[in-house]
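The values are calculated or read from the model by the stated rules, or taken from the named source; none is laboratory data. Remember, predicted model here, so these are calculated numbers, not experimental data. When we count neighbours, we look across all protein chains shown, and the Cβ atoms used for this are built from the backbone with ideal geometry, even at glycine. Quick note on the areas: whole protein, heavy atoms, side chains included, nothing else; ligands and nucleic acids left out. Shrake-Rupley method; radii C 1.70, N 1.55, O 1.52, S 1.80 Å.
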Amino acid sequence: MKNIAVFCSGFGSNLQAIIDAVKKGKIGAKLRLVVSDNPACFALKRAKKAGIQTLVLEAKNFPTREAYDKEIIKELKKEKIDLIVLAGFMRLLSTHFVRAYKNRIINIHPALLPSFKGTHGIEDAFEYGVKVTGASVHFVDEKLDHGPIILQKAIEISEKDTLKSLEKKMHKAEHEIYPKAIQLIAQNKIKITGRKVKIET
Ligand code: GRF
């Protein structure tokens with residue numbers, strides 16, 4: 001059984017999807033810790049409601065990114081965390097962190113990578129006028145939104161779509177594929193070779 005930590009900074013709808021999936025037995029792992037850099041975020045309320053231990057570290061209390069990340073690593077070791085799930089965590093992790101947890105950190109991005117990297121994936125795709133966008137779950141490496149891709153789900157953008165309606169579709173797709181990807185990892189069904197992720201069936 002894997003121990004999971006979910007990192008959030010905001011609304012936490014992906015965290016909620018993961019909490020629900022664990023509760024329903026759709027993810028065979030233990031959600032041990034929720035980490036946040038934002039003490040006011042709604043994600044923390046969700047964690048507390050679900051009875052999950054939380055760790056809040058504000059960047060302003062640490063002199064460097066490394067110092068911040070070292071403190072987190074200490075806590076992750078204490079809780080014997082095997083998998084780190086980034087779900088709207090608005091801080092970049094240091095190289096030190098990424099290396100310490102190589103192939104054990106995953107992220108969800110609201111676009112079909114490698115398109116529309118960065119913090120405005122939904123809006124950027126919408127404004128660009130693409131007809132298809134989607135959600136991507138990927139391993140985290142040293143480069144932004146770059147590591148091997150685990151799952152993607154495509155979403156068509158129709159002429160009737162607004163940014164709001166697209167956001168809604170995106171979150172639905174995210175809440176579907178993120179728990180799925182976590183379960184594949186929990187079941188050891190994923191093999192990484194270079195950039196390629198092979199899923200055992
Ligand atoms: C999601 O759209 C995710 O793709 C991006 O940040 C957003 C987080 O949303 N990385 P929520 O906090 O899970 O509702």
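Mind checking whether some residue in segment 60-79 is under 21 Å from G147 (Cα atoms) and within 16 Å of the ligand (Cβ to nearest atom)? Looking through segment 60-79, none of the residues is under 21 Å from G147 (Cα atoms) and within 16 Å of the ligand (Cβ to nearest atom).
State whether the residues of segment 111-119 include one that is among the hydrophobic types (A, V, I, L, M, F, W, C) and more than 13 Å from the ligand (Cβ to nearest atom). No; the residues of segment 111-119 include none that is among the hydrophobic types (A, V, I, L, M, F, W, C) and more than 13 Å from the ligand (Cβ to nearest atom). Note on segment 25-36: residues that are surrounded by fewer than 17 Cβ atoms within 10 Å (Cβ to Cβ) and either modelled with pLDDT under 95 or within 16 Å of the ligand (Cβ to nearest atom) (or both) total 0. For segment 84-126, what are the residues that are of a type in the set (G, A, S), open to solvent by 10 Å² or more (accessible area, probe 1.4 Å) and either assigned by TED's automatic domain parsing to the domain that holds Q183 or not in a loop (DSSP other than H, G, I, E, B) (or both)? Those that are of a type in the set (G, A, S), open to solvent by 10 Å² or more (accessible area, probe 1.4 Å) and either assigned by TED's automatic domain parsing to the domain that holds Q183 or not in a loop (DSSP other than H, G, I, E, B) (or both): A100, S115, G118. When segment 134-186 is limited to residues that are polar (S, T, N, Q) and more than 18 Å from the chain's Cα centre (by Cα), the one that is farthest from the ligand (Cβ to nearest atom) turns out to be S158.
Residues checked against (1) in contact with a strand residue (DSSP E or B) (Cβ under 8 Å, 6 or more places away or on another chain); (2) not in a loop (DSSP other than H, G, I, E, B):
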position	(1), (2)
I4	yes, yes
A17	no, yes
D20	no, yes
K26	no, no
K30	yes, yes
L33	yes, yes
A40	no, no
L44	yes, yes
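Regarding L55, is this residue in contact with a helix residue (DSSP H, G or I) (Cβ under 7 Å, 6 or more places away or on another chain), without any contact (Cβ under 8 Å) to a residue 60 or more places away in the chain and open to solvent by less than 40 Å² (accessible area, probe 1.4 Å)? So L55 passes the test. Considering segment 46-76, and only residues there that are in a helix (DSSP H, G or I) and of a type in the set (G, A, S), the residue that is nearest to L15 (Cα to Cα) turns out to be A47. Every condition in (1) away from the ligand (no atom under 16 Å from the Cβ); (2) exposed (fewer than 15 other Cβ atoms within 10 Å of the Cβ) is met by P39 except one, and the failing one is (1).
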